[in-house]
Structure formats: C-alpha cells, structure tokens
Amino acid sequence: MPAPLDVAIDRSSPVPLYFQLAQGIQNAILEGRLTPGDRLENELDLAKRLNLSRPTTRQAIQALVDKGLLMRRRGVGTQVVQNQVHRPVELTSLYDDLLTAGQEPTTELLDYQLGAPDPDIAKELGVPEDARFVTFRRLRRAGSEPLAVMTNYVPAEFAPAPDQLELHGFYECLRAKGIHIALARQRIGARGATRAEAQLLDERTNAALLTMQRVAFDDSGRPIEMGRHVYRASRHFFDTTVLSR
C-alpha cells in the first residue's frame, strides 16, 4: 500500500507550490518517515488530497526523481530509492562493495563470447590482436534495483565460466583461480544513457551515467582484464580524498 504522507502546503507563501511539496517529501525521506522501497500515492490521488493541480504534483515528484530520491517503475508506481551506493576510488569491485555495505548484489549475464579482442582493446592491454579473449557483459543489481551495466574483456585462460559470473563477483572468481589484482589504471567520466542502457537500468534515454574504464594487472604485471562499466548517476557516486602539496 502507498505510504501515508502528511505535507503542509502554505498557499500564502511566495515559495512555489511544487517546491513546497518536493521539500515536504524530501524531508519525510531524510527524517525516516518514508523509507527505501516505500511507495507514494499516485499523482492524481496525491494532487486531489492536497488540493493541488496534477502538473504541480508531477513537477514536484520529477524534481525528486532527478535528485535520485524517488524512482518511477512501471506497474509499481513511485518509490523511495534505496540508499545511494557510496564507493571509494579504490581497487575494489562493485560486488564486494555492495556486500560490505550490507546490500544484496545479484548479477544477470547478458552476453558471453570467445574471440579475438578489438584492436583498441588489444592495444590498451598490450596483447597481440589475435589473442584469445572472453568478452562478457553483465547487469548488476542491488536486490531488484539495477545499478550498472559492466562489460569486461579477459584473456581466455583467466575468464570465469558463465555460471560462476552469475553466482559470484568477477574479482571473487579471479581470487578463486589464485589471481591477485595488484594494480589498475582507471578513468572515470560521464555521459548520457543510450536507449538500450536506459531500458536495462530503468532510466530515461540520455539520463546521466557515470562511466569507468579500468585496466587491471596481477602481481607479475600480466594484464588480467579491461572493464568498461556504466553506473546510474542517480544511485552511484565515487568518493576520493585529495591531499594538498
């Protein structure tokens, strides 16, 4: 059932009505009166109960969706999102970070292919263009909520079996093979979601995505993998510490 929501609207205030409603919902979330997974009334019912127009109500909800506090899901309605995934910029995996944060990571294997790497991948990894590589793409969720689409390029001798990638994190699979990632080059950026990515991540086309490209090496300096990952910016951020000179 939708969570009850008590929001005071002051029509004599110069503050726009949509902003008052958005602030009221945001305060309920921050104060714990609305918790992750709680469902809001639909726009029409909420507008009628608060004596607001439907466009005003829609504008307020959309503002909170854009801030990453609410999400719309087909067949479910508008829900409070789970806590954002807060990751330090360290040599860790999303799977391990979710476990550490007490969340439940799940993986859907979208593609798994054996073949030669593209020339740009071979160049990044410093391997021959005719090397045998496995390319796999996964959708990572926290519980039922999609967080990231991850594409990895791995020498065939290091690649986990498809069923293992759905049951375990990639770095966990590498550790089981006795492979230790010691060093990585990592680049973080941002771009808009493609239509295919938006469908997988339950976002709008061109919604903001964080991007990360990583080339990882083991203790002996062998290239182990290259990853090209995209993350929902509304649900994910990286944290780093900056030191002065």
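The values are calculated or read from the model by the stated rules, or taken from the named source; none is laboratory data. These numbers were taken from a predicted model, which means no experiment stands behind them. Here the Cβ positions follow ideal geometry from the backbone for every residue, glycine too, while neighbour counts run over all protein chains shown. Ligands, DNA and RNA are stripped out before the accessible areas are found, and what is left, the full protein with its side chains, is counted by its heavy atoms. Shrake-Rupley method; radii C 1.70, N 1.55, O 1.52, S 1.80 Å.
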Which count do you get for residues in the range 174-212 that are assigned to a strand (DSSP E or B) and among the β-branched types (V, I, T)?
3
Just need a number here: residues in the range 16-49 that are touching a strand residue (DSSP E or B) at 6+ places or on another chain (Cβ under 7 Å) and assigned to a helix (DSSP H, G or I).
1
When you go through G24, G32, G75 one by one, which is the residue that is on the phi > 0 side of the Ramachandran plot, open to solvent by less than 70 Å² (accessible area, probe 1.4 Å) and either out of contact with any His (no Cβ under 6 Å at 6 or more places or on another chain) or at pLDDT 85 or above (or both)?
G32
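Return yes when L17 is under 26 Å from P146 (Cβ atoms), in contact with a helix residue (DSSP H, G or I) (Cβ under 6 Å, 6 or more places away or on another chain) and crowded, with 18+ Cβ neighbours inside 10 Å and no when it is not. It would help to see each step written out before you state the result.
On the way: under 26 Å from P146 (Cβ atoms): no; in contact with a helix residue (DSSP H, G or I) (Cβ under 6 Å, 6 or more places away or on another chain): yes; crowded, with 18+ Cβ neighbours inside 10 Å: yes.
So L17 does not fit the description; no.
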Test L201 against the criterion of being out of contact with any Phe, Trp or Tyr (no Cβ under 6 Å at 6 or more places or on another chain) and of a type outside the set (G, A, S), and give yes or no.
yes
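Does A22 qualify as being closer than 23 Å to G68 by Cβ, among the aliphatic types (A, V, I, L, M) and without any contact (Cβ under 8 Å) to a residue 24 or more places away in the chain?
Details: closer than 23 Å to G68 by Cβ: yes; among the aliphatic types (A, V, I, L, M): yes; without any contact (Cβ under 8 Å) to a residue 24 or more places away in the chain: no.
Considered against the rule, which asks whether it is closer than 23 Å to G68 by Cβ, among the aliphatic types (A, V, I, L, M) and without any contact (Cβ under 8 Å) to a residue 24 or more places away in the chain, A22 comes out as no.
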Take Y171 and decide whether it is part of a helix (DSSP H, G or I), of a type in the set (F, W, Y) and crowded, with 17+ Cβ neighbours inside 10 Å.
yes
Suppose we keep only residues that are free of Cβ contacts under 8 Å to residues at least 12 places away in the same chain and not polar (S, T, N, Q) within the range 48-64. Which one would you say is least open to solvent (accessible area, probe 1.4 Å)?
P55
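Go through the range 103-115 and report how many residues are in a loop (DSSP other than H, G, I, E, B) and loosely packed, with under 14 Cβ neighbours inside 10 Å. Break it down into steps so the answer makes sense when it comes.
We begin by selecting, within the range 103-115, every residue in a loop (DSSP other than H, G, I, E, B); these are 103-104.
Imposing the further condition that a residue be loosely packed, with under 14 Cβ neighbours inside 10 Å reduces the set to 104.
Summing the residues that are in a loop (DSSP other than H, G, I, E, B) and loosely packed, with under 14 Cβ neighbours inside 10 Å in the range 103-115 gives 1.
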For E157: the one exception among (1) within 22 Å of A142 (Cα to Cα); (2) part of a helix (DSSP H, G or I):
(1)
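Hey, among E172, E145, which residue is among the acidic types (D, E) and in contact with a helix residue (DSSP H, G or I) (Cβ under 8 Å, 6 or more places away or on another chain)? Before the answer, list the steps.
Details: E145 fails: in contact with a helix residue (DSSP H, G or I) (Cβ under 8 Å, 6 or more places away or on another chain).
Just a single option satisfies the conditions, and that option is E172.
Quick one: count up the residues across the range 125-160 that are among the small types (G, A, S) and out of contact with any strand residue (DSSP E or B) (no Cβ under 7 Å at 6 or more places or on another chain). Steps first, please.
Step one: of the range 125-160, the residues among the small types (G, A, S) are 126, 131, 142-144, 148, 156, 159.
Adding the requirement that they be out of contact with any strand residue (DSSP E or B) (no Cβ under 7 Å at 6 or more places or on another chain) leaves 143-144.
So the answer is 2.
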Out of curiosity, is S220 more than 21 Å from L110 (Cα to Cα) and crowded, with 20+ Cβ neighbours inside 10 Å?
no
Does any residue of the range 140-148 turn out to be surrounded by 19 or more Cβ atoms within 10 Å (Cβ to Cβ), among the acidic types (D, E) and modelled with pLDDT under 90?
yes
The range 116-139 - residue that is under 26 Å from R232 (Cβ atoms) and in a helix (DSSP H, G or I) and, of those, least open to solvent (accessible area, probe 1.4 Å)
I121
